[in-house]
1. In the stretch 156-171, is there at least one residue being within 15 Å of Gly69 (Cα to Cα), assigned to a loop (DSSP other than H, G, I, E, B) and in contact (Cβ under 8 Å) with a residue 12 or more places away in the chain?
2. Could you tell me whether any residue of the stretch 181-199 is over 28 Å from Thr114 (Cβ atoms), more than 15 Å from the ligand (Cβ to nearest atom) and at pLDDT 95 or above?
3. Pick from Ile332, Ile323, Ile306: which is assigned by TED's automatic domain parsing to the domain that holds Lys21 and surrounded by fewer than 21 Cβ atoms within 10 Å (Cβ to Cβ)?
4. Identify, from the list Glu374, Glu280, Glu337, Glu316, the residue that is assigned by TED's automatic domain parsing to the domain that holds His186 and away from the ligand (no atom under 16 Å from the Cβ).
5. Under the condition of being among the hydrophobic types (A, V, I, L, M, F, W, C) and without any contact (Cβ under 8 Å) to a residue 40 or more places away in the chain, which residue from the stretch 134-155 is most open to solvent (accessible area, probe 1.4 Å)?
6. Pull out all pairs, ordered by first then second residue, where Cβ-Cβ is under 6 Å, the residues are six or more apart or on different chains, the first lies in the stretch 50-67 and is closer than 28 Å to Leu222 by Cβ, and the second is part of a helix (DSSP H, G or I) and within 13 Å of the ligand (Cβ to nearest atom).
7. In this structure, is Ala127 of a type in the set (A, V, I, L, M, F, W, C), farther than 19 Å from Arg278 by Cα and more than 16 Å from the ligand (Cβ to nearest atom)?
8. When residues of the stretch 74-109 are filtered for being open to solvent by less than 10 Å² (accessible area, probe 1.4 Å) and touching a Pro at 6+ places or on another chain (Cβ under 7 Å), how many remain?
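The values are calculated or read from the model by the stated rules, or taken from the named source; none is laboratory data. Here the structure is a predicted model, which means the values were calculated and not measured. Quick reminder, even Gly has a Cβ in these numbers, built from the backbone with ideal geometry, and neighbours come from all protein chains shown. Please note that ligands, DNA and RNA were not included when accessible areas were found on the heavy atoms of the full protein model with its side chains. Shrake-Rupley method; radii C 1.70, N 1.55, O 1.52, S 1.80 Å.
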Amino acid sequence: MNTNSTPRLFAPFTSRGLTLKNRVMVSPMCQYRSEAGGPSDWHLVHLGQFAIGGAALVFHEETSTSPEGRKSYHCAGLYSDEHVGAYRRINDFIHAQGAACGIQLGHAGRKGSTAGAMTGFRPLNAADESRGEAPWQTMSASALPNDDSSPPPRPMSKSDIANCIDEWVLATRRSAQADFDLLEIHGAHGYLIHQFLSPVSNQRKDEYGGSLENRMRFALELTDAVRREWPDDRPLSFRVSCVDGGGGIWDINDTIELCKRLKTVGVDIIDCSSGGMRGETGMSLVPRVPGYHLPYSEAVKAAVDIPVIAVGLITEASQAEQILARGQGDIIAMARELMAQPGWPLQAARELGLDDPWQVQPPDYAHRLRRRDEVARFTLEDSANADDPVLKRLVSGSDRAAHE
Ligand SMILES: Cc1cc2nc3c(=O)[nH]c(=O)nc-3n(C[C@H](O)[C@H](O)[C@H](O)COP(=O)(O)O)c2cc1C
């Protein structure tokens, strides 16, 4: 409890021309509810609830820069100008609640052409084709399949690489048109950029494979191109798998090197995640304990001197406050806990002793909940205390709000 000053979780955060009203971020969450790449009413309600709940930064899910970059036919995309209006509609709503909007652009590479998360990312097959969802040829750094059940991807030629970067630039332009405030490049979780970074999936012999310098080349060229397109006053973040995960090779030292380079091409914030890349080394999977990425975000922040997003089983207000105090994060990203409790920021504001905690929600919610909580202070015994002004108002029936 901190009654003398604003809790860190509710202090603003500024990067370039964007100021977030607090440090709570809705982490990107794929919904598999898009229609031909565009968002549906599901997204308006799903994302809108977090803006009402008081989160400062509401991220849309991983959004593909090309149809083939999707994991499934139901994944989000921003690969057509026709998508822009539907995203802007959602962003208008989020902005009206005082929150900012983030877009995470991504490309699944060899992890594409699946039936989605609910099937454990089963590769699409002939049965799917008969109902209109034909498998497609995926592409990656090398012709190495994601796992034993996946077909091999096509290794990308130099012109594939150039086309892919062009598609990212176009999606970046559309993101600005759709009024996103912050753009994140998804370089984590075993997707295309990560497929170039890790030697597990990159066995190229050209200048995009081999040494660390070469394996970082695709990520850095792409980021540089995106930064040039993305408006100067809007921040750019990059999500990285700080370590590959079970059996992997890419480690935190590689991550720190990459992040130093990303900073030089204009990345403002590093989003520290892990995993998505399996191999056969002795590297172990990061154990899923509360705050499981914090050692990585702390290391990146210290070594690179750049703001970092902390994510991974952060569920408690005191935990979030401690992460900010210890320099393990500048922004607190949450996914599953916010799914369970979209109003978590209000609960956290109460727990951390923010003055007028209700202010974290829109004024109409704040007004009603402030009044409700005032009334909840009273017990039946208090009815003897006729001097209390709030109680008097209630007893006299002048408080009609609760009876509307
Ligand atoms: C339903 C769901 C969908 C997700 N989709 C994405 C995604 O689109 N992009 C991404 O980088 N991470 C994705 N993640 C990972 C989350 O952003 C987050 O990093 C992870 O769930 C850990 O945070 P948590 O413990 O607060 O849930 C997803 C997680 C969930 C639960």
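1. Within the stretch 156-171 (the criterion being within 15 Å of Gly69 (Cα to Cα), assigned to a loop (DSSP other than H, G, I, E, B) and in contact (Cβ under 8 Å) with a residue 12 or more places away in the chain), the answer is yes, since at least one residue qualifies.
2. yes
3. After applying the criteria, what remains is Ile306.
4. On the way: Glu374 fails: assigned by TED's automatic domain parsing to the domain that holds His186; Glu337 fails: away from the ligand (no atom under 16 Å from the Cβ); Glu316 fails: away from the ligand (no atom under 16 Å from the Cβ).
One residue alone meets the criteria, Glu280.
5. Filtering first and then ranking leaves Ala143.
6. Close Cβ pairs (under 6 Å, with a partner that is part of a helix (DSSP H, G or I) and within 13 Å of the ligand (Cβ to nearest atom)) amount to Val58/Leu47; Val58/Phe50.
7. On the way: of a type in the set (A, V, I, L, M, F, W, C): yes; farther than 19 Å from Arg278 by Cα: yes; more than 16 Å from the ligand (Cβ to nearest atom): yes.
Considered against the rule, which asks whether it is of a type in the set (A, V, I, L, M, F, W, C), farther than 19 Å from Arg278 by Cα and more than 16 Å from the ligand (Cβ to nearest atom), Ala127 comes out as yes.
8. Adding up the residues that qualify gives 6.
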